[in-house]
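So the structure is just underneath, and the comments pick up after that.
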Ligand code: CUA
């Protein structure tokens, strides 16, 4: 009975592992597959250790138990060089079996990808609590949704704008820390299939750490080129002058849209086509994976702009602006229509 809460917790944890787009147990590319292989090796070795240790323990417990009426003190043993050598050498051998392929994989994967001339370079910058994706060779920036061409090498340079975060795409590529102090970390991966993969921040970074999600969207290379080109098209302000004025004075002071606005906060170009608002308010229908009709995007944007604190506590938008109901509706509508046609 005492184990019931523990069992419930394990069921919950395992249920979370069942999410196909967020599981290291469902590898979707060469990097994730290699990592999955290493995990299997580790689990087999650990399983063997558990079986052997339990078997020995059980044997000792039963074989040397105190019999009824037995009052003698067992033979006292102090130290055994033979045993100590055995239980030191066995773990060393097991660690070598684990360590050699792990180190090999780390270097082989980097080598396979590092020099790929066709690699798409992306500079990932983590912020409390969102992700910035810059494609330096294409001159574009976006946020929260990393769009990549299927089959191509993606070469990540990961850094942070504030505190320590960790960039993690469980089903594609493992994780890499983004460290303060100008440090840059590298990661490579490719996604052989089209699809949407979930990414997470994997390092405690503040009250909304658990909400710091992003998407990786793998599209065919032609669609990727169209996406990159569409992202560079100029964007018009809202047609209603009052909404345009509010958008310029209250949103564009931080955010960028097209070639307008400030570069420091999530770029909103094409936000109406993204799979989510703020990385967590989902815009797509879970069943057919198609964009839900515009209303969902609008409703999510409305909710987010109206009260960002209730959705991602402690984010930088909180208390930065005051909008009338008309301005709020107008801006949410305008942003929901900022779509990119590339699929
Ligand atoms: Cu960012 Cu946790």
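The values are calculated or read from the model by the stated rules, or taken from the named source; none is laboratory data. No experiment lies behind these values; they were computed from the predicted model shown. With ideal geometry, Cβ positions are generated from the backbone for all residues, glycine too; neighbour counts draw on all protein chains shown.
Remarks
- Single condition residue 21 does not satisfy, out of (1) at pLDDT 80 or above; (2) part of a helix (DSSP H, G or I); (3) surrounded by 11 or more Cβ atoms within 10 Å (Cβ to Cβ): (1)
- Top-ranked residue in segment 176-206 [being closer than 19 Å to residue 33 by Cβ and crowded, with 21+ Cβ neighbours inside 10 Å; ranked as farthest from the ligand (Cβ to nearest atom)]: 190
So that you can scan it fast, the table gives a plain yes or no per residue for (1) part of a strand (DSSP E or B); (2) over 11 Å from the mean Cα position of the chain (by Cα); (3) over 23 Å from residue 270 (Cβ atoms):
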{"residue": "141", "(1), (2), (3)": "yes, yes, no"}
{"residue": "156", "(1), (2), (3)": "yes, yes, no"}
{"residue": "163", "(1), (2), (3)": "no, yes, yes"}
{"residue": "168", "(1), (2), (3)": "yes, no, yes"}
{"residue": "175", "(1), (2), (3)": "yes, no, yes"}
{"residue": "180", "(1), (2), (3)": "no, yes, yes"}
{"residue": "191", "(1), (2), (3)": "no, yes, no"}
{"residue": "204", "(1), (2), (3)": "no, yes, yes"}
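- In summary, residue 214 fulfils each of the numbered conditions (1) touching a helix residue (DSSP H, G or I) at 6+ places or on another chain (Cβ under 9 Å); (2) closer than 19 Å to residue 316 by Cα with the single exception of condition (1).
- Against the list (1) modelled with pLDDT under 90; (2) in a helix (DSSP H, G or I); (3) in the same structural domain as residue 200 (by TED's automatic domain parsing), the condition residue 79 fails is (2).
- Within segment 215-264, being surrounded by fewer than 20 Cβ atoms within 10 Å (Cβ to Cβ), touching a residue at least 24 places away in the same chain (Cβ under 8 Å), under 24 Å from the mean Cα position of the chain (by Cα) and in a loop (DSSP other than H, G, I, E, B) holds for 220, 263.
- Segment 147-173, residues that are away from the ligand (no atom under 15 Å from the Cβ), touching a residue at least 60 places away in the same chain (Cβ under 8 Å) and crowded, with 21+ Cβ neighbours inside 10 Å: 147, 148, 149, 171, 172, 173
- Cβ-Cβ under 8 Å pairs, at least 6 apart or on other chains, segment 115-133 side assigned by TED's automatic domain parsing to the domain that holds residue 168 and farther than 28 Å from residue 281 by Cβ, far side away from the ligand (no atom under 16 Å from the Cβ) and in a loop (DSSP other than H, G, I, E, B): 116/153; 118/152; 118/153; 119/152; 119/153; 121/136; 121/137
Rundown of residues vs (1) surrounded by 17 or more Cβ atoms within 10 Å (Cβ to Cβ); (2) closer than 23 Å to residue 32 by Cα, yes/no style:
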| site | (1), (2) |
| --- | --- |
| 74 | no, no |
| 77 | no, no |
| 103 | no, yes |
| 109 | yes, yes |
| 113 | yes, yes |
| 118 | no, yes |
| 126 | yes, yes |
